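Colleague: Sharing a structure, written as structure tokens. Questions coming.
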Amino acid sequence: MPVNLVVNGEERAVAAPPLTPLADVLRDTFFLTGAKHVCGEGFCGACTVLVDGKPAVSCLTPVGLLEGSEIRTVELLADPSGDLSPLQAAMERHDAVQCGMCFPGILMSLTALFETDAAPSRDTVRTALAGNICRCTGYERIVEAALSVCQPEAAQ
Amino acid sequence: MNAPVIGADLARRDAGDKLRGRTRFTIDRAAAGMLHAAVRRADVASARIVSIDTAAARAMPGVRAVVTAEDAPGRYGVAIADHPLFAVDRIRFHGEPLAAVAADTFAQARAAADAIVVELEELPAAVTMAEALAPDAPEIHPGWADYEELFPGGKRAGNVAWEATVERGDTDAAFARDDVTVVESTFRVGRQNQTPLEPRACVASFEDGRFHIETSTQVPWAVRDTTAKLLGIAPSDVRVTVPAVGGGFGLKFEFAVEPFAALLARASGRPVRLVNTRRDEMQTALCRENAEIRIRSAVTDEGEIVGREAVVLMDCGAYGGETPFLTTMTAHTLGGNYRLGSVKLLSTAVYTNTAPTGAFRACNGTYNTFALERHTDEICAAIGMDPLEFRRRAVIGNRSLGSTGQVFEGDVLAPMLDRMAALKARTPSREADADGRLYGRATVVGTWFIFVGPSAATVNLNPDGRVTLVTSGVEIGSGSMMQALPQIVSDALGLQPADVTVRAADTDAAGYDVGIGGGRQTVSLGAASTAACAEVKKKILNIASDMLEADPGDLELADGHVSIAGIPDRKVSVAAVAARAQVSTGPISGNGAFTGPGTAAMPGCAAGHMIEALDLPVFAVHDCEVAVDPDTGHVEILSYAVVQDVGRAINPRAIFGQIQGGVVQGLGYALHEEITIDAQGRIRQQGFETYHVPLAPDVVPVEIDLYEGAPSIGPLGTKGAGEVPILNVAAAVACAVSNATGARVQQIPLTPPRVLGLIDGTEPAPDLSHIDPDWSANRLG
């Protein structure tokens, strides 16, 4: 039985075995390689996507449990031929990106945060990122960039 | 006039696609008909191989190729060629490769690799350096004497893979003086896993008799040459290309998965993908080595260090790899920072039955700086001098002798200490935040260097007036290829950084390069690129001189135009010059090259060193405030500040990003990151659940002051800035925790149980009884 999903606004059917991790379906079937397979154990957050609005580690999310779910990935944040989203643009403007592997997950964690809390504090942003490992940046600039989107004055 | 590009905080060109999730790292690459590979690894630390039977595996579904030691006859090494691709006759570490399989799916490859029948006869193992150096230790490489030496001069014997020594002056006389205090300290540190998010990964194919390997590496040329050596083929039969790399930190400074995939591609006739799982990465990462250090110093009441002796044992694991090379660095890290009247240093790489270690950002420097700065504070306590005052008096300055006798140029560390004092003065102390916990603060210094070496660059001026920079440089995340180099090239040619296309690394297209690491890329690739630009500029001016009817010496190149000096209206665009070149000289290009000048040591001072002295020293001063919870042993970093010697900052904001990231990696090393090995030689940490790297809530913003203007052989006076930020962190944290608790910190990481033990007085001192207090007794005969 195929599983029916809405992926980035598009209805898709997946014929993969039900225990196939969502990350593999996104990457191997839909060629949405933004979500990264880094640890496969749900600790690093590089494969974070939104499942029905909530951040989920797609490496540990079996596709068989997702019938009818709405999946959003980093590829949805900006129009492919258009500008970066305000959050992405802030990351670029703050020169937050280094190797870049963690950003697809970090951006989705922050997207989920901003949908529930439009003006989070610095500590709330840091806590929201606790499940996303970044080995390059030391996090601060990512936090600054995120705050500049939701608290333009405070981040000056 | 356009704004200057040197010193400008320009954005990086790869950020947009990385933020869109569009960048295709090696792990995101796929080829039509691609197979998937898995490696069969040893599950014991030491054994004789009786037989390996692959017949059953070859018959399994989807299996297209199986390769073993018979397919890879060569041996690899940096100093000693001791390392076969697959274990031959003998297993030397838990996780050593025995065979590799390619199949239609990864699951099929994994199942077949597991089905290979391996018959073993277990042998005694030495999993610690103490065990490996014991008189009755099992010999890990019985054939060590017959290995090819790739670099001369290091003493070797049995389980001592390499020995490097420094001897300058008469330390016996110094320690015998009646006006000195003798201070002795011992230290031990564990391993740190580099943990880039992208694991080591590659896709290999075999076409027209040549291998093409697309890989996540810092060293495309080393991958090319090592793969060839292990497979017994010509290096020119290997082409290596490198897409964006998802972090390296030194882990990708040696070959990794490439030769396995290459063999399987040749055997199957299909492209083969080999990607390490996180578990593979934990088991086989070339970690920062565990080390044991005994150091003693003879110091006068005025703070003059008249004699210093030290022994540093570095665990290279089962094979040498980079670690024998890294013994060199002790001379400049533990032997750095301070003026020494006389000095003897012994730096030994020791074989153990454990996974090989390797390079990690500021390799060797992090733990030797920890040891040196803690030892320095113990000296200060013994002679009753303020630690900052001692450092002001004793640090290396203009005309000071380094440990190997090189003469340093310029006063750098002392003015940097002043800059740190000023930074502290304008940044309020966070002592109040300790809120009843134990408060400590420390300022420490560090010496590092840029590992220069050969680089090549070509700059092509295209008919549209823009240029293409062709090098073997790789963007691993630091921004050197995306920010620094295009800024340097555009500055040299009067263009904008956006006018510079940066060619991704391809060993078929660009000349030799040592690789991305050791802080070298902005210096070495920058210098080669600058030289290439000089040739391009000369050709541009020659053609423009015809067009403008002026002497080339009277011409200026700026803002995309060539103009006559003093007559700015008389100008032609670089694009017009490029178009003219098409019909006069043919297309314009320039080649540039660079290598280290090879600064010499004082004759007879250094033995077994691959670098005798520092071509390009770099200094750093760090300050840290901590609060230690006396009930839990938890250490909180209250503030962190860095003054870093950068020569000249090409892109200051990018350097700030390197410093913040490097300091945070150092905080992990200081506080909680440690790979430990059990009695059977197994690495205990198998993933992020048990190996804890710093997370967003753990960190503080680092206060930063860039120190510019110190002497440098780098282009525009620059020094590499990405390697050094991690150097002093463990030192700063350990000294601050020692000050907070009043305890003698001799080991890191400072986990809560260890810190509680320090507070309670129950934390045992490291047992270094295998290091003889008599320095000379530790040397090979």
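Colleague: Relative contact order for the stretch A:1-58: what percent, with Cα pairs under 8 Å and sequence separation of 6 or more?
Modeller: 19 percent
Colleague: Taking the Cα centre of the stretch A:86-150 as origin, work out the dipole magnitude from +1 charges on Lys and Arg Cβ and -1 charges on Asp and Glu Cβ, in debye rounded to 20.
Modeller: Working: 5 positive and 7 negative charges, 29 e Å.
With only Lys, Arg, Asp and Glu charged at Cβ, the dipole is about 140 debye.
Colleague: In deg cm²/dmol and to the nearest 500, what is the mean residue ellipticity at 222 nm of chain B if only DSSP H runs of at least 4 residues count, each as -39500 (n - 2.57), divided by the residue total?
Modeller: On the way: 19 runs with 195 residues, N = 781.
Calculated mean residue ellipticity at 222 nm is -7500 deg cm²/dmol.
Colleague: Can you tell me, using C-alpha contacts under 8 Å and at least 6 residues apart, the relative contact order of chain B as a whole percent?
Modeller: That works out to 16 percent.
Colleague: Could you point to the residue in A:Leu26, A:Ala56, A:Phe43 farthest towards the positive end of the stretch A:3-76's charge dipole, with +1 and -1 charges on the Cβ of Lys/Arg and Asp/Glu respectively?
Modeller: Checking the options against the dipole of the stretch A:3-76, the answer is A:Phe43.
Colleague: Using modelled backbone amide H atoms (1.01 Å from N, in-plane), which distant-in-sequence or interchain residues come within less than 5 Å of B:Leu123's amide H?
Modeller: Answer set, sorted by chain and number: B:Ser46, B:Ala47, B:Arg48.
Colleague: Could you give the accessible area per residue of the protein assembly as shown, probe 1.4 Å, as a whole number in Å²?
Modeller: On a per-residue basis, 34 Å².
Colleague: When the label point is put 7 Å from the Cα of B:Thr585 along its Cα-to-beta-carbon vector, which residues of the stretch B:440-463 have a backbone N closer than 20 Å?
Modeller: Answer for the stretch B:440-463: B:457-463.
Colleague: Further question: Report, for the protein assembly as shown, the % of DSSP beta bridges that are antiparallel, rounded to 5. Please list the in-between numbers first.
Modeller: On the way: 122 of 152 bridges.
Of those bridges, close to 80 percent are antiparallel.
Colleague: Using only the Cα atoms, work out Rg/Rh for the protein assembly as shown, with Rh taken as the Kirkwood radius, to two decimals.
Modeller: Details: Rg = 27.9 Å, Rh = 28.9 Å.
We get a ratio of 0.96 for the protein assembly as shown.
Colleague: Using the Kirkwood radius built from alpha carbon pairs, what does the Stokes-Einstein equation give as D for chain B at 37 °C and 0.692 mPa s, in µm² per second?
Modeller: D, rounded to a whole number, is 120 µm²/s.
Colleague: Continuing with the same structure: Amide H to amide H, which residues 5 or more places from B:His561 or on other chains are under 5 Å from it, using H placed in the peptide plane?
Modeller: Under 5 Å from the amide H of B:His561: B:Val574.
Colleague: Still on this structure, please answer the following. Determine the gain in length on full extension of the stretch B:Arg653-B:Glu389; use 0.36 nm per residue of separation and subtract their C-alpha separation, reporting nm with one decimal.
Modeller: 91.9 nm
Colleague: Here is a further query. Rounded, prolate or oblate, given the Cα gyration tensor of chain A, with a/c below 1.5 counting as rounded?
Modeller: On the way: a/c = 2.02, a/b = 1.80, b/c = 1.12.
Prolate.
Colleague: With respect to the cross-link table entries B:Lys18/B:Lys719; B:Lys537/B:Lys571; A:Lys54/B:Lys18; B:Lys155/B:Lys344; B:Lys538/B:Lys571, which display a Cα-Cα separation exceeding 19 Å?
Modeller: Where the Cα-Cα span goes over 19 Å, the pairs concerned are B:Lys18/B:Lys719; A:Lys54/B:Lys18.
Colleague: I'd like the carbon and sulfur percentage of the solvent accessible area for the stretch B:121-259, probe radius 1.4 Å, heavy atoms only, ligands and nucleic acids excluded. Walk me through the numbers on the way to the answer.
Modeller: Working: 2420 of 4860 Å².
Result for the stretch B:121-259: 50 percent of the exposed heavy-atom area is carbon or sulfur.
Colleague: I need the phi-derived Karplus couplings for the stretch B:657-669: 6.51 cos²θ - 1.76 cosθ + 1.60, θ = phi - 60°, integer Hz, Gly and Pro marked x.
Modeller: Running phi through 6.51 cos²θ - 1.76 cosθ + 1.60 with θ = phi - 60° gives x, 5, 5, 4, x, x, 4, 5, 4, x, 5, x, 4 Hz.
Colleague: Ok, one more. Treating the beta-carbon of each Lys and Arg as +1 and of each Asp and Glu as -1, no other charges, what is the dipole magnitude of the stretch B:171-289 about its Cα centre, to the nearest 20 debye? Spell out each step's value before the answer.
Modeller: Working: 15 positive and 15 negative charges, 126 e Å.
Charge dipole of the stretch B:171-289: 600 debye, to the nearest 20.
Colleague: What are the residues of the stretch B:691-706 that lose 40 Å² or more of accessible area, with a 1.4 Å probe, going from their chain alone to all protein chains?
Modeller: Residues meeting the cut-off: B:Leu695, B:Ala696, B:Pro697, B:Val699.
Colleague: Say R0 is 45 Å: what FRET efficiency, to the nearest 0.05, do B:Ala107 and A:Asp52 get from their beta-carbon distance?
Modeller: 0.95
Colleague: Antiparallel DSSP bridges in chain A: what percent, to the nearest 5?
Modeller: Working: 12 of 14 bridges.
The antiparallel fraction comes to roughly 85 percent.
Colleague: Taking each residue of B:273-285 in turn, how many C-beta atoms of other protein chains fall within 10 Å of its C-beta, and what is the average?
Modeller: For peptide B:273-285, the averaged partner shielding equals 1.
Colleague: Please turn the phi angles of the stretch B:153-162 into ³J(HN,Hα) values with the Karplus equation 6.51 cos²θ - 1.76 cosθ + 1.60 (θ = phi - 60°), one per residue in order, whole Hz, x for glycine and proline.
Modeller: For the stretch B:153-162, the Karplus-derived couplings read x, x, 7, 9, 5, x, 7, 8, 6, 6 Hz, x marking Gly and Pro.
Colleague: Compare the Cα positions of B:Ala578, B:Pro617, B:Phe594 along the charge dipole of the stretch B:486-638 (+1 at Cβ of Lys, Arg; -1 at Cβ of Asp, Glu; about the Cα centre) and return the one farthest towards the positive end.
Modeller: Sorting the options by dipole projection puts first B:Ala578.
Colleague: How large is the dipole of the stretch B:26-128 about the Cα centre if only Lys and Arg carry +1 and Asp and Glu carry -1, each at its Cβ, rounded to the nearest 20 debye?
Modeller: Magnitude of the dipole: close to 240 debye.
Colleague: Percent of accessible area on the stretch A:86-150 owned by carbon and sulfur, 1.4 Å probe? Before the final figure, lay out the partial values.
Modeller: Details: 970 of 1770 Å².
Looking at the stretch A:86-150 in its full context, I get 55 percent from C and S.
Colleague: Next up: Quick one: of the DSSP bridges fully inside the stretch B:186-278, what percent are antiparallel, nearest 5?
Modeller: Within the stretch B:186-278, antiparallel bridges account for around 70 percent of the total.
Colleague: Find the relative contact order for the stretch A:1-150 and round it to a whole percent, using C-alpha pairs within less than 8 Å whose residues are 6+ positions apart.
Modeller: Averaging sequence separation for qualifying contacts and normalising by length gives 25 percent for the stretch A:1-150.
Colleague: Further question on the same structure: Apply the Karplus curve 6.51 cos²θ - 1.76 cosθ + 1.60, θ = phi - 60°, to the phi angles in the stretch B:79-90 and return the couplings in whole Hz, x for Gly and Pro.
Modeller: Calculated HN-Hα couplings, in order: 9, 10, 7, 10, 10, x, 5, 10, 3, 10, 6, 9 Hz.
Colleague: Where in the stretch B:612-711 are there trypsin sites (Lys or Arg not before Pro) that are in a DSSP coil and have at most 15 other Cβ atoms within 10 angstrom of their Cβ?
Modeller: B:Arg684
Colleague: State, to one decimal in nm, how far the label point of B:Arg779 lies from the label point of B:Thr632, with both points 7 Å from Cα in the Cβ direction.
Modeller: Label at B:Arg779, label at B:Thr632, 5.1 nm between them.
Colleague: Ignoring ligands, DNA and RNA and using a 1.4 Å probe, state the total buried accessible area between B and A in Å², rounded to the nearest 100.
Modeller: Separately minus together, B and A give about 3800 Å² buried.
Colleague: Can you pull out the trypsin sites (Lys or Arg not before Pro) in the stretch B:383-443 whose DSSP state is coil and whose Cβ has at most 11 other Cβ atoms within 10 Å?
Modeller: The qualifying sites are B:Arg399.
Colleague: Give the distance, in whole Å, between the Cα centre of the stretch B:121-139 and the Cα centre of the stretch B:178-257.
Modeller: 28 Å
Colleague: Alpha carbon centre of the stretch B:1-19 versus the stretch B:613-687: separation in Å?
Modeller: 27 Å
Colleague: Now for a separate question. With the dipole of the stretch A:86-150 worked out from charges on the C-beta (+1 for Lys and Arg, -1 for Asp and Glu) around the Cα centre, which of A:Gln88, A:Cys136, A:Ile106 lies farthest toward the positive end?
Modeller: Going by the Cα projections, it comes out as A:Cys136.
Colleague: Once amide H atoms are built 1.01 Å from N in the peptide plane, which residues 5 or more positions from A:Arg12, or in another chain, come under 5 Å H to H?
Modeller: A:Leu5, A:Val6, A:Val7
The values are calculated or read from the model by the stated rules, or taken from the named source; none is laboratory data. Worth saying up front: this structure is predicted, and the values here are computed from it rather than measured. Reconstructed Cβ throughout: ideal geometry from the backbone, glycine too, with neighbour counts over all protein chains shown. Calculation scope for accessible area: heavy atoms of the full protein, side chains included, ligands and nucleic acids excluded. Shrake-Rupley method; radii C 1.70, N 1.55, O 1.52, S 1.80 Å.
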